[in-house]
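Quick notes on the structure that follows.
The values are calculated or read from the model by the stated rules, or taken from the named source; none is laboratory data. Just so it is clear, the structure is predicted and the values come from calculations on it, not from any experiment. FYI the Cβ positions are ideal-geometry reconstructions off the backbone, even for glycines, and counts take in every protein chain you see. Heavy atoms of the whole protein, side chains included, go into the accessibility calculation; ligands, DNA and RNA do not. Shrake-Rupley method; radii C 1.70, N 1.55, O 1.52, S 1.80 Å.
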Amino acid sequence: MHISTELRKRWAEANRVLVLTGAGVSAESGVPTFRGGGNTTVWKGMRFDVISSAEMIERDLPAVWEWFDYRRGFMADIKPNAAHEEIARWQDRFAEFTLVTQNIDGLHQKAGSRDVIELHGNIWRARCTVCRFFHNDSSDGKRPCACLECGNHLRPDVVLFGEMLPAGAFEFAAERASRCELCFVIGTSGLVYPAAGIPEIARGAGAYVCEVNPELTPLSDICDEVITGKAGEVLPLFSR
Ligand code: BV8
Ligand code: ZN
C-alpha cells in the first residue's frame, strides 16, 4: 500500500479535487457490497437490478419496501469508518472539493461531509409516487404510511435501475469532473452507469486519476495510479 511521490506532489499542489465513492468505502463499516453491480442475487433469490428496479415499483411496491426496510434495519446503527472521516477532512483542504457518491447509506454526511452529491439517492428518505412530497426519516426513523400531502403511496427516494438520476446531480458532477486536477475513485466496481463515467470524464479532461480498491476494476485501466488496499487503511495515509 504505497502512495507515490507523484501523487503526494499533486496532492500537495491541487486546488480542484473530486472523489467518487462506491459501496467499498462503507465495507469497513459493515455494509455489504454488491459484489459487482446489478446481476447479484440479493433478495429472496431476486437479482439486485430486479428488486431495485423501476418495474418492481410498478409491479410490487410492498416487496420493494420490504427489501429497503431490511437494509434500513442493519444500516440503522452503522458508523462511518476512517475512510469516511478522512474524506470529510478533505473538504476544507482544497479550494474546490467535490464528493460524489453512489452510496445511499448517508455515512459520508454522518462523518461530517457537506454538499455530498448522492447520485443514487438516500435510503433514509422517502418520496410520494405522485406529488413532490418528501419525507426525511433519518430524524425519527419512522416513515408515514402514505403521503401527508395527497395520501398516495410513498416510495424509497433512491434511484432504481432504469430510472434517471436526480435532476442536475450527474450534470454537476460531470462539470466538476471536467475541471478537477485530481480525481479519486474509491471502493467502486465501476460497473454501473452513468456514475462510472465520471472518472472517464476527469481523465479525458487531463486530471490525474487514482483508484483505491483491494481489487482491480474495469476503471483501473484509465487510472494514472492504482492503490491496492482498503480505503479505511489507505486514505488516512494522506494526512500523515
Ligand atoms: C440510468 C440505488 C438513464 C438502489 C443503485 C450503460 C452501459 C450499461 C448499462 C447501462 C448504461 N447506462 C444505463 C445502464 C443501465 C444501468 C446500469 O448501469 N446497469 C449495470 C448493472 C450494467 N444504469 C441505470 O439503470 C441507471 N439509470 O441509466 O438512467 C435511463 C433511464 C431510463 C432508461 C434508460 C436509461 C441507474 C443506476 C442506479 C441504480 N441504483 N443504487 C439500491 O441501492 O438498491 S446502483 C448501486 O449498485 C450502487 O449505488 C452502485 O452504483 C452499484 C454498486 O456498485 P459499487 O458501489 O461499485 O459496489 P460493488 O459492490 O459493485 O463494488 C464494491 C467495490 O468495492 C469492489 O470493487 C470491491 O473490490 C471494493 N471494495 C471492497 N471492500 C473495500 C473496497 N474498496 C475499498 N475499500 C474496501 N474496504
Ligand atoms: Zn403526494
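Taking segment 59-130 as the region of interest, the helices (runs of 4 or more DSSP H) fully inside it that hold 2 or more residues being acidic (Asp, Glu) and surrounded by fewer than 17 Cβ atoms within 10 Å (Cβ to Cβ) are 61-75. Scanning segment 209-240 for residues that are more than 10 Å from ligand 1 (Cβ to nearest atom) and within 16 Å of Leu99 (Cα to Cα) yields Val209, Cys210. Scanning segment 209-240 for residues that are touching a Lys or Arg at 6+ places or on another chain (Cβ under 7 Å), under 22 Å from Gln91 (Cα atoms) and either open to solvent by less than 10 Å² (accessible area, probe 1.4 Å) or at pLDDT 95 or above (or both) yields a single hit, Val209. All of (1) assigned to a helix (DSSP H, G or I); (2) of a type outside the set (A, V, I, L, M, F, W, C); (3) touching a residue at least 24 places away in the same chain (Cβ under 8 Å) hold for Asp221 with one exception: (3).
Taking the conditions (1) of a type in the set (D, E, K, R); (2) away from ligand 2 (no atom under 15 Å from the Cβ); (3) outside any loop (DSSP other than H, G, I, E, B) in turn, Glu215 satisfies each one other than (3). Among the criteria (1) over 30 Å from Cys210 (Cα atoms); (2) in contact with a Gly (Cβ under 9 Å, 6 or more places away or on another chain), the one Val158 does not fulfil is (1). Just checking, does segment 112-127 include any residue being more than 25 Å from Glu175 (Cβ to Cβ) and touching a residue at least 60 places away in the same chain (Cβ under 8 Å)? The answer is no, given that none of the residues of segment 112-127 is more than 25 Å from Glu175 (Cβ to Cβ) and touching a residue at least 60 places away in the same chain (Cβ under 8 Å).
Taken over segment 167-199, the criterion of being closer than 17 Å to Arg16 by Cβ and of a type in the set (S, T, N, Q) is satisfied by Ser178 alone.
Consider segment 196-208 and keep the residues that are in a loop (DSSP other than H, G, I, E, B) and hydrophobic (A, V, I, L, M, F, W, C). The one that is surrounded by the fewest Cβ atoms within 10 Å (Cβ to Cβ) is Ala205.
Residue pairs whose Cβ atoms lie under 7 Å apart, separated by 6 or more positions or on different chains, with the first residue in segment 70-87 and among the charged types (D, E, K, R) and the second assigned to a helix (DSSP H, G or I), are Glu86/Pro236; Glu86/Phe238; Glu86/Ser239. Every condition in (1) within 17 Å of His120 (Cα to Cα); (2) near ligand 1 (Cβ under 10 Å from one of its atoms); (3) open to solvent by less than 10 Å² (accessible area, probe 1.4 Å) holds for Phe34 except the one numbered (3).
If the condition is being more than 22 Å from Leu7 (Cα to Cα), open to solvent by less than 10 Å² (accessible area, probe 1.4 Å) and not in a helix (DSSP H, G or I), then segment 149-195 contributes Leu154, Pro156, Val158, Leu160, Ala195. For segment 134-152, state whether one or more residues are of a type in the set (D, E, K, R), more than 21 Å from Pro80 (Cα to Cα) and within 16 Å of ligand 2 (Cβ to nearest atom). Within segment 134-152, one or more residues are of a type in the set (D, E, K, R), more than 21 Å from Pro80 (Cα to Cα) and within 16 Å of ligand 2 (Cβ to nearest atom).
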